[in-house]
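Let me begin by presenting the structure, written as structure tokens, before commenting on it.
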Amino acid sequence: MIDKIFIPTLHRVDNQIAYNALPPSLQEKVVFVVQAHEREKYQYPNEYLVLPDYITPDHPRAIAHTRKHIYDAGRNIRYVMMDDDVTFKRRNAKYWTGESTMEMSKRSASHDDILEMFDTFDGWLDEDSVAFCGAGLEDNPPSNKPFNSNTALFSVYWIDGPSFSHTLDELPLTEVKINEDVVFVLSLFTRGFGNRVSVEFCLYNASVHKRDMESTVWDEQTRESVLQDHRRIEEMFPGLFEVLYDSDGDRVSGGFRDFGKTRIHWNKAYKQSQRNEVDLTQI
């Protein structure tokens, strides 16, 4: 059973999108993760995890340290870590069953859908091969099965804390500001901890889909700062994370918010760990 739902949040006192979309029984499990200077502004009747004073909006890797604080708090429980601006959708089962379950290709998830999703993901975490799981991105094309294994996962994570608690302190989770979530997933894959990502249940993240939306992370970035973090991840995961360049040696255009494309070999990272082919001294 999921014990807690951690929602790290900043500058969103009166606009809790993810929290408001949850059914009441799940709202009761929410723990708001807040910076110390904002704690008194929040009046929700929930538990709060107040971050150490050094984690401020000006900290160069505030999100990475915030999420590391959550992983530490959840190391002995089963929990969810959820971005504060996500909502969920449910995809038509026709793609893998051949029988349509709704008029459209997907629709906004109802409270009953979300409760079913939580039950489904909690069941996945009971399996030995699944240490973390979640919903796929809405923009991902549907496949011919309701889930995929050992692949990309963003924004919301269902996590079985005890499964990798013994190695949590070894993970390089605060090395970079950009793509710290990629470092988290690849760190687990390369140590043999697998995931499962739903095709049936998918998520919409406003800060990802609305490229012109203000972002405390991305608005202050330059191509040089992003490249520096991408190169660091490439050093940590050689052959698994690649910065892409064109024939002139320039970064291939595109990628998230057009900062440059990368190629990530998610499944390869997990498979190599099963064959003991990953050199963890590089990480």
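Overview of values
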| quantity | calculated |
| --- | --- |
| Nearest-20 debye value, the chain charge dipole, Cβ charges on Lys, Arg, Asp, Glu | 480 debye |
| Ratio of the Cα radius of gyration of the stretch 1-159 to 2.2 N^0.38 Å, where N counts its residues | 1.11 |
| Computed accessible area, Phe147, all protein chains, 1.4 angstrom probe, square angstrom | 60 Å² |
| Residue-level accessible surface for His69, protein heavy atoms, 1.4 Å, Å² | 60 Å² |
| Counting DSSP beta bridges with both ends in the chain, the antiparallel % (nearest 5) | 55 percent |
| Whole-number accessible area per residue in Å² for the chain, which is evaluated in the context of all protein chains at 1.4 Å | 47 Å² |
| Separation between Cα centres of the stretch 239-283 and the stretch 74-146, rounded to whole Å | 26 Å |
| Evaluated over the chain, the Cα radius of gyration and Dmax, each in Å | 18.7, 56 |
| Magnitude of the charge dipole, the stretch 122-164, Cβ model with Lys/Arg +1 and Asp/Glu -1, debye to 20 | 160 debye |
| With all protein chains modelled, accessible area of Ile77 [1.4 Å, Å²] | 40 Å² |
| Formal net charge of residues neighbouring Tyr270 (Cβ-Cβ distance under 15 Å; K, R +1; D, E -1) | +2 |
| Check: the stretch 39-157 dipole with +1 on Lys, Arg Cβ and -1 on Asp, Glu Cβ, in debye | 280 debye |
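The values are calculated or read from the model by the stated rules, or taken from the named source; none is laboratory data. It should be emphasised that the depicted structure is a prediction, and the values quoted were computed from it without experimental measurement. We place every Cβ from the backbone using ideal geometry, glycine too, and count neighbours over all the protein chains shown. We work out accessible area using only protein heavy atoms, side chains counted, and drop any ligands, DNA or RNA first. Shrake-Rupley method; radii C 1.70, N 1.55, O 1.52, S 1.80 Å.
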